[in-house]
Amino acid sequence: MNNNYLGILAIVLGTVCFSINDISVKLFSTEMPLHQLMFFRATFAICILLFLILPFYGGLKFLNTNNPGFHIFRGLAVVGANTFFFISIAELSLAEATAIFFIAPILITVFAVFFLEEKVGIRRSLACLIGFLGMLFIIKPGSISFNLISLFPLIAALFYTALHIITRKYGAQEKPLTMGFYIQVCFLITSLMFASGFYIADVNVGQSKALTFLTGSWVSVNTFDLLHIFVGIAFPISIGGVLVSYAYKNFEASFLAPFEYGALIIAVMSTYFIWNEIPDNLSLIGITLIMFSGIFVSIREKQVSSIRSSRKIIHRR
């Protein structure tokens, strides 16, 4: 198989795995609090990584790291991104929440200017502005239909941006599986902290679906629930993480990034076929603008990096 096709296959399958996880979390959002769901997900994922994946990569020595602080900050960024995104889909449609979250690649481009000293030209700047415009079409600030919860995917995108900035700046020497393992450890610890804190505080959040999903008390689970969590959440997130890590480690990010927008298409289709919901016209326009502006930014980044590489070659000659 052509190497490029192998990269495409890995990123597409990884994206499908993450989409299955998102759909399953939304289905569980009315039955089980998020911190309980994340506890089971992290427990299963750690078992999958330890017993099914790590043996093929040299065993436990693969978990050695000289930078524990990096893993802590990266883990907290992932926990923040997942928490805000998942509580948002308890109340918003999966299509709208996913589209708002996909402002993240544009935010990464913007923040890279300040934190990584990267240069962004006029074309990518305009594409970023169009992406932000698309986000406003979905959120609709100031309108009657504005929902404060619609800001949560944006906050999730900011955490995701921080994750990528931290990884690009400090994570060059870390192995993808090592990073994935410690993320699940962070999920395990924070889920127990959330559960304990909300149990002690006994928070009353009224009728908010999102906040009820965040603060609810643990419920009893049966074998079917655990099987659903394993098959629909823990297994896809573990395998998806390995596939995406493999793809980004072996192929150019700018080549792969456009294929991740398949998650938006899956989100729109699942919103219609599972929940019988259709985003309004403004939201559909916003989703389209975010998708195409993000793809343009990725393609343009590849073109710019190719030009820079050719200039370096000419200079060396």
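The values are calculated or read from the model by the stated rules, or taken from the named source; none is laboratory data. Not measured: the values here are computed from a predicted model. Note: ideal-geometry Cβ built from the backbone for every residue, glycine included; neighbour counts use all protein chains shown.
Things to note:
- Candidate set: segment 216-244, residues that are modelled with pLDDT under 90 and more than 27 Å from residue 167 (Cβ to Cβ); chosen: the one nearest to the chain's Cα centre (by Cα): 216
- Considering residues of segment 160-184 that are surrounded by fewer than 18 Cβ atoms within 10 Å (Cβ to Cβ) and hydrophobic (A, V, I, L, M, F, W, C) only, the residue modelled with the highest pLDDT: 166
- Whether a residue is within 29 Å of residue 288 (Cα to Cα) and in contact (Cβ under 8 Å) with a residue 60 or more places away in the chain was assessed, and residue 73 does not pass this test.
- Taking the criterion of being modelled with pLDDT under 90 and either closer than 12 Å to residue 99 by Cα or aromatic (Phe, Trp, Tyr) (or both), the only residue of segment 263-284 that qualifies is 279.
- Among the residues of segment 249-269, just one is part of a helix (DSSP H, G or I), surrounded by fewer than 19 Cβ atoms within 10 Å (Cβ to Cβ) and touching a Leu at 6+ places or on another chain (Cβ under 9 Å), namely 250.
- Subset of segment 177-236 (residues that are within 30 Å of residue 148 (Cβ to Cβ), of a type outside the set (Val, Ile, Thr) and not in a helix (DSSP H, G or I)): 202, 204, 206, 207, 208, 216, 217, 218
- Any hit, segment 245-261, residues being closer than 24 Å to residue 97 by Cα and modelled with pLDDT of 90 or more: no
- Positions within segment 57-82 being in contact with a Leu (Cβ under 7 Å, 6 or more places away or on another chain) and among the hydroxyl-bearing types (Ser, Thr, Tyr), in sequence order: 57
- Residue within segment 78-88 that is at pLDDT 80 or above and out of contact with any helix residue (DSSP H, G or I) (no Cβ under 6 Å at 6 or more places or on another chain) present: yes
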